[in-house]
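Throughout, read-outs are computed from the coordinates displayed, never taken from laboratory work. Note that the structure is predicted; figures quoted are calculated from it, not measured. Because the Cβ atoms are built from the backbone with ideal geometry, glycine has one as well, and the counts that use them run over all protein chains shown.
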Amino acid sequence: MTNYLEPETHFLAELIGKVVDKPSTDYHVRFAVLNLIALLETFGLYTHLIDAVAPGLDDYFKKKNALAKHITHLVIAAANPSKSE
């Protein structure tokens, strides 16, 4: 059985790996890919649910690029955890 997300995950792993200077096969990079996909799916598909829980949040995200900034921060942190962890 072929994983239909495989090409996308490879591309994202290569991209994230370059950002954090790690190989795309690194476990932290792969974890970051999973986080990125999950965050994009959650916030991309369930806007109406977000509005029901936090009215106006989606508009704020769009105006300030806040969601993109938060997702970027979380993905980089997942791919490159601090040495103390």
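Among the DSSP helices (H) of the chain, those spanning at least 24 angstrom by Cα along their long axis with an average Kyte-Doolittle hydropathy of -1.0 or more are 27-45; this is a geometric and hydropathy rule only.
Going by how many other Cβ atoms sit within 10 Å of their own, how do Leu36, Leu74 line up, fewest first? Mind showing how you got there, number by number?
Values: Leu36 21, Leu74 14.
In order of increasing Cβ crowding within 10 Å: Leu74, Leu36.
Model label points for Leu34 and His73, set 7 angstrom from Cα along the Cα-to-Cβ axis, are 2.4 nm apart. For a modelled paramagnetic label at Tyr27, 7 Å from Cα along Cα-to-Cβ, the residues of segment 61-78 in reach, with backbone nitrogen under 18 Å, are 77-78.
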